[in-house]
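Report on the structure given below.
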Amino acid sequence: MIFVGEGALLWRAVRHTRDSGLPIDMVCGPAPGAAEADRLGMPFIAVTDVNQATAALATASSDGVVWSVNNRMIFRGPMLSTGLRIINIHHGPLPAYRGLPEVALVYAMLRGEREFAATLHQVDEGIDTGRILTADPYPIGPDEPYHAVLRRGLNVCHRLFERCLPLVAADPDWPGEPLGAVPGTCAYYGREALNRLSEHRDHPGFARATDLGFLTAYLPELAAALA
């Protein structure tokens with residue numbers, strides 16, 4: 001298995017895979033991840049664009065599976081044409097909340113959503129548009145601040161990975177789970193949506209939906225947009 005991404009969520013997934021006795025062919029991500037990879041004894045490729053590492057990743061792969069975990073890099077033609085199966089953990093219910101999860105969650109809370117989700121989907125040419133394999137919803141309390149909801153969501157993302165890892169390990173072509181009706185709405189929350197957040201300052205739920213709390217230092221772009 002190959003892992004692409006960064007941050008604590010990626011390395012939790014890598015450690016869990018290692019501790020489960022499953023082989024890890026390569027980890028790929030931004031250069032700061034090299035130190036953690038070295039500590040864990042994992043082969044690592046440092047890139048700012050995963051597509052630059054296409055040949056190396058295709059050669060390293062032993063099972064044809066690539067896990068995308070907390071990954072901001074976009075898979076383009078080079079990687080998508082290798083035949084590797086790229087599976088992404090997306091924090092947000094798809095297709096309703098595509099894009100940057102931390103931004104999408106703010107809009108979900110402003111809309112009064114009482115549920116969010118972690119979604120496992122196959123990567124295709126679009127952004128968060130690939131076939132949904134499964135999803136684990138979780139509640140949003142009516143009075144909970146943003147930082148409490150986001151922390152819960154990240155834990156749900158990791159548990160979703162833990163649940164699906166053995167299924168994919170046993171069958172790299174795992175087709176996913178039967179899903180009920182998927183919401184027909186489809187919206188994308190990228191940097192344009194991030195820059196529009198200030199337009200919602202008069203919303204009665206704005207303070208709660210933007211209370212980053214202890215996560216402020218970990219979400220610099222969002223914090224800057226709200227400043």
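The values are calculated or read from the model by the stated rules, or taken from the named source; none is laboratory data. What you are looking at is a predicted structure, and each value in this text was computed from that prediction instead of being measured. Quick reminder, even Gly has a Cβ in these numbers, built from the backbone with ideal geometry, and neighbours come from all protein chains shown. The protein model used for the area step is the full one, side chains on, heavy atoms only, and it has no ligands, DNA or RNA in it. Shrake-Rupley method; radii C 1.70, N 1.55, O 1.52, S 1.80 Å.
Brief remarks on what is shown
- Of the solvent-accessible surface of the stretch 26-86, computed with a 1.4 Å probe and all protein chains present, 54% belongs to carbon and sulfur.
- Taken as Cα centroids, the stretch 188-202 and the stretch 22-53 sit 32 Å apart, rounded to the nearest whole angstrom.
- Accessible area per residue for the chain, computed on protein heavy atoms with a 1.4 Å probe, is 46 Å².
- Note on Arg98: accessible area approximately 40 square angstrom, rounded to 10, probe 1.4 Å, nucleic acids and ligands left out.
- Helices assigned as whole DSSP H runs in the chain whose Cα atoms extend at least 30 Å along their own long axis and whose mean Kyte-Doolittle hydropathy is 0.5 or higher are not found.
- Relative contact order [Cα under 8 Å, 6+ residues apart], the stretch 44-124, whole percent: 29 percent
- With both residues required to sit in the chain, DSSP beta bridges show an antiparallel share near 40%.
- Label point 7 Å beyond Cα of Ala148 along Cβ direction - residues of the stretch 73-107 with amide nitrogen under 14 Å: none
- Computed packing ranks the peptides 141-148, 195-202 as 141-148, 195-202, most packed first, by mean other Cβ atoms within 10 Å.
- Ile74-Ala170 FRET efficiency (beta carbon distance; Förster radius 30 Å; 0.05 resolution): 0.55
- Percentage of interatomic Cα-Cα distances in the stretch 1-112 larger than 21 Å: 37 percent
- Across the chain, the mean sequence separation of Cα contacts (distance under 8 Å, 6 or more residues apart), normalised by length, yields a relative contact order of 18 percent.
- More than 24 Å apart - percent of Cα-Cα pairs taken over the chain: 44 percent
- Of the residues Pro142, Val123, Cys157, the one whose Cα sits farthest towards the positive end of the charge dipole of the stretch 109-180 is Pro142 (charges of +1 on Lys and Arg Cβ, -1 on Asp and Glu Cβ, taken about the Cα centre).
- Most to least packed among 39-48, 59-68, 101-110 [average Cβ atoms within 10 Å]: 101-110, 59-68, 39-48
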